[in-house]
Amino acid sequence: MRQPYNYNHQVHQSQRSAFAALFLVLLPIFFPNLFAPLGRASPSLFSEWNAPKPRHLSLLEVALHWKTPIKQQFDLWSPLPNQGWKPCIDSADTPSLPERSQGYIQVFLDGGLNQQRMGICDAVAVAKILNATLVIPHLEVNLVWQDSSSFTDIFDVDHFINVLQDEVSIVKELPREYSWSSREYYATGIRATRIKTAPIHASADWYLENVLPVMRSYGIAAISPFSHRLAFDKLPVEIQHLRCKVNFEALAFVPRIRLIGETLVNRLRDPSGKLQASGTEVLRERTDDTEKERAGKFVVLHLRFDKDMAAHSACDFGGGKAEKLALAKYRQVLWQGRVLNSQFTDHELRNQGRCPLTPEEIGLLLTALGFNNNTHLYLASHKVYGGEARISTLRTMFPLMEDKKSLASANELAEVEGKASLMAAVDYYVSLKSDIFISASPGNMHNALLGHRAYLNLKTIRPNMLLLGPLFLNKTIEWSEFQHAVINGHKNRQGQTRLRKEKQSIYTYPAPDCMCRA
């Protein structure tokens, strides 16, 4: 007699569970403020997954059907002429490696892959200045990428040591007597061997006066933090040459990264005209001489449009009130209001060229420059804010756009999947091999590749942000005016040699420190 009651009770309980589950699913939609981003893993349903409609529709309609003149395509894809500069990092009067080291130097590097790369170069230079033995730098866990990859996971350590063996003493690890000098040791208290006071862009004399005494007293000194801790100016020529040698010759990626990178490059240059794209085969017909001449060439776009970038810029990206609110809260959580840009209006920021280009805007820029829908475009990015929905307009303009996951299988990417530093290293490798490189907004990868490609005399387009901001604010501008302004504004921004000015980075502008007149 109790069976019907139990059955009905179970039915009602199942219904209540179903309604509870449905309520939890719908709750963020009806009460989005309760689900504001409290961390990098908390996307806002409104701002992040529902991409706004195109903001420059009149330009976009023309761009989608624009036929680039043959002359413009030819000029665009032509390699840079010889500019009268060549790599020049070996000096006949380079001091030989002293027989005895003054002690051991450790550095702890934070930031992303490219910031760490520059830190490694500076660490070698500091070791040379102090006549110290450098311990392979420790890479901190990146707070943004949450990646714990080590130096040896990314860079070929044996190649690194061999290239520099005549100039700097380098060891993979400390001898047993100094094994206590670890990252954990310095995290638990104030230590006499840790240098925490290294100023930004410190001089060589600062290291001789403040670090050398510690090293002589204890046999070892650990510098942390160590990011941008060596000046770019007023250093001996041999030290500048050494930094260049580290950056452009000693820092080679491990074989597995080079293998994946070369696989991607080969598929981008596939001469048969067939390219894997999201599991399908795309056949590209080339009907004129210009297309045939360009066969096998590709451009890399570093679409620097992640959530942190969008929030920190304080700009409006067309997502309406919900997006503004979500990014403002996200910005407050991460930087507690310490974002100077938030004091300006979106109009002011765009006029000053301080807003990162959206995928739609970079697509319009590429089309105006002369890239067409037959362009082999490789997308190098960590994570695009808004995902596929946000880049759909760009993909419509450039249907042959590829990335790591569309070009390679899951098995081929298994060794780097989920490791942001290794993924970035693959993108760096492909970017360095591309015919043209363009970064949507300035940043560490942009700066690193700008310098590396200048060293190799490769074409690199630098978007003119001061020009583009006001252009995109003009809602009545016609395509002909927009294209004319873009072409004229980028004539001298395609890899022409620019001599480094005082306080500028040697890694971004390698001439004249790393190069000499041919």
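Under the convention that each Lys and Arg Cβ holds +1 and each Asp and Glu Cβ holds -1, the size of the dipole of segment 321-407 around its Cα centre is about 400 debye. Excluding same-chain neighbours fewer than eight residues apart, the lysines reachable from Lys475 by a Cα-Cα span under 23 Å are Lys53, Lys67, Lys321, Lys324. Mean projected area of the Cα convex hull of segment 106-174, taken over all directions, amounts to 4.3 nm². For Met515, the residues 5 or more places off, or on other chains, whose built amide H falls under 5 Å of its own are Cys88. In the complete set of protein chains, residue-level accessible area for Leu456 is approximately 80 Å², probe 1.4 angstrom. Quick check: the distance between the Cα centres of segment 479-518 and segment 338-397, to the nearest angstrom? Result: 21 Å between the Cα centres.
How would segment 162-249 be classified by its alpha-carbon gyration tensor: rounded, prolate or oblate, with rounded meaning a/c under 1.5 and the a/b versus b/c comparison settling the rest? It comes out oblate by the Cα gyration axes.
Here is the list for segment 176-262: trypsin sites (Lys or Arg not before Pro) lying in DSSP coil, each with at most 10 other C-beta atoms within 10 angstrom of its C-beta, are Lys234. The mean accessible area for residues of segment 364-518, using a 1.4 Å probe and ignoring ligands and nucleic acids, is 37 Å² per residue.
Across segment 232-240, coupling constants 3J(HN,Hα) worked out from phi with the 6.51/-1.76/1.60 Karplus curve, θ = phi - 60°, read 8, 10, 6, 10, x, 4, 5, 6, 5 Hz, and Gly and Pro carry x. Charge tally around Phe232: other residues with Cβ under 11 Å, Lys/Arg +1 each, Asp/Glu -1 each, net +1.
If R0 is 56 Å, the Cβ-Cβ spacing of Val141 and Lys71 corresponds to a FRET efficiency of close to 0.65.
Here r is the Cβ-Cβ distance between Arg216 and Arg493 and R0 is 45 Å; the resulting FRET efficiency, rounded to 0.05, is 0.40.
Near the amide H of Ser169, within less than 5 Å, lie the amide hydrogens of Leu134, all on another chain or at least 5 residues away, with H placed in the peptide plane.
Lys and Arg at +1, Asp and Glu at -1: add these up for the other residues within a Cβ distance under 12 Å of His56 and post the number.
Summing Lys/Arg as +1 and Asp/Glu as -1 gives -1.
Applying the Karplus relation 6.51 cos²θ - 1.76 cosθ + 1.60 with θ = phi - 60° to segment 63-74 yields 3J(HN,Hα) values of 4, 5, 10, 6, 9, 6, x, 4, 4, 5, 5, 4 Hz, where x marks Gly and Pro. Proximity of backbone amide H atoms, modeled 1.01 Å from N, is registered between Phe253 and Asp156 at under 5 Å, excluding neighbours fewer than 5 places apart on the same chain.
Each residue of segment 490-499 was assigned a 3J(HN,Hα) from its phi angle through the Karplus expression (A = 6.51, B = -1.76, C = 1.60, θ = phi - 60°), giving 10, 4, 10, 10, 10, x, 4, 4, 10, 6 Hz with x at Gly and Pro. Per-residue accessible area (protein heavy atoms, 1.4 Å probe) orders Tyr330, Tyr218, Tyr185 as Tyr218, Tyr185, Tyr330, starting from the largest. Computed with a 1.4 Å probe over protein heavy atoms only, the accessible area of Thr358 comes to about 10 Å². Within straight cross-link reach of Lys172, meaning Cα distance under 24 Å, which lysines are found once same-chain residues fewer than 8 apart are removed? Answer for Lys172, where 24 Å is the Cα cut-off: Lys128, Lys196, Lys245, Lys419, listed by chain and number.
If R0 is 25 Å, the Cβ-Cβ spacing of Trp335 and Asp233 corresponds to a FRET efficiency of close to 0.25. Shown for segment 52-201: the carbon plus sulfur share of the solvent-accessible area, taken with all protein chains present and a 1.4 angstrom probe, equals 53%.
The values are calculated or read from the model by the stated rules, or taken from the named source; none is laboratory data. Quantities reported herein were computed from a predicted structural model and do not represent experimental measurements. Quick reminder, even Gly has a Cβ in these numbers, built from the backbone with ideal geometry, and neighbours come from all protein chains shown. Ligands, DNA and RNA are excluded from the accessible area calculation, which covers all protein heavy atoms including side chains. Shrake-Rupley method; radii C 1.70, N 1.55, O 1.52, S 1.80 Å.
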